[in-house]
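Below is one structure, written out as structure tokens; comments come after it.
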Amino acid sequence: MKAKTKVNILGFFTVLFWAMAFPFSKIAISHFHINSVAVLRCIIASLFLCLLGICQKITIPKKQDIPKFFISGLFGFFLYLVFFNIGLQSLTSATSSIIIATTPIMTSVVSTFLYNEKIKLLGWISILIEFVGIIVLSLWQGTLSFNFGIVWTLCAAIVFCIYNIYQRKLSSLGYQPNEIVTYSMICGTILLLFFLPKGITELTTASFSQIGVLLLLGIFSSGIAYVLWGKALSIAEKTSDVTNFMFVTPLLSTILGFLFLKEIPSMGTLIGGVMILIGLVLFQLAK
């Protein structure tokens, strides 16, 4: 199988598993508290990644690097999942996924200041289009109906942007992508353990389908997805060959949201979403 074909397959299944997180998280928080979902999802993902790491014989992190993995876990999993789940309480799967899809753009903007990576004029125009799109999403029903779910989801995108940037530091220390995600996930889970007692209590009253949703979120959306993403990045000729697949996430989330939750996107979601997606495409063309 050609490398490009492998990248396409890995990239598609990654964004499919990530897209599942939007409607399935909404299903989970209908029974579990948002923080219970976060800790239980991370525990499942950590156990899966540990088993995978044992099979792959990944290296143990150096003692002096452990605090760095806690920083990574704080932004990439603790804060991200808490903010993401709060925002999802008042947003549809489609709206949430569109906002999260702006994370690569945020990462590129931050990189211009930290690593002197240039953004062309078309890139800045695309960012402006996305910003206007987010305003449309927020204020479509009127200037007094601002949805704070969008603010929380933007916060989730921002902290995940910080996580992405911090990966460079960990990579520069000689750690592989699967090692970074495994140890970051474990540290994020440790930080979330404060919420475990409530999660265990809620587990005792959960149905098999609600527990099944947690397993899907932990194994597929948090575990397998990150492994596939790292593998795709490692064999792709260009990073954009992989990141371009993130454009598909809002579409898949919208479809899954309709199938599982009967969510029908509003006109504001369609107009604002199209603007944001146009901005995402233009930004990639500007590279």
Loop-located trypsin sites (Lys or Arg not before Pro) in region 1-52, at most 12 other Cβ atoms within 10 Å (DSSP): K2
Most mobile listed residue (F84, F131, F113) in the chain, GNM with C-alpha springs under 10 Å: F113
Given K63/K231; K120/K262; K57/K169; K4/K118, the pairs whose alpha carbons are separated by over 29 Å: K120/K262
Rg(Cα)/(2.2 N^0.38 Å) for the chain, N = residue count: 0.98
For H33, residues with placed amide H under 5 Å, excluding near neighbours: none
Coarse-grained scattering of region 1-143 at q = 0.14, 0.15, 0.20 Å⁻¹, given as base-10 log I(q)/I(0) from a Debye sum over alpha-carbon atoms: -1.01, -1.13, -1.39
Pairwise FRET efficiency - K169 versus L261, Cβ, R0 = 30 Å, nearest 0.05: 0.20
Span-rule helices in the chain, defined as complete DSSP H runs reaching 20 Å or more along the axis (Cα) with Kyte mean at least 0.0: 3-28, 34-56, 121-139, 148-172, 177-192, 267-285
Burial ordering of M185, M106, M1, fewest other beta-carbon atoms within 10 Å first: M1, M106, M185
Cβ crowding within 10 Å averaged over residues, with 194-201, 76-83, 157-164 ranked highest first: 76-83, 157-164, 194-201
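Just so you know, all these numbers are worked out from the coordinates, no wet-lab data involved. Note that the structure is a prediction, hence the values are computed from the model and not measured. Cβ coordinates were reconstructed from backbone atoms using ideal geometry, including for glycine residues, and neighbour counts include every protein chain displayed.
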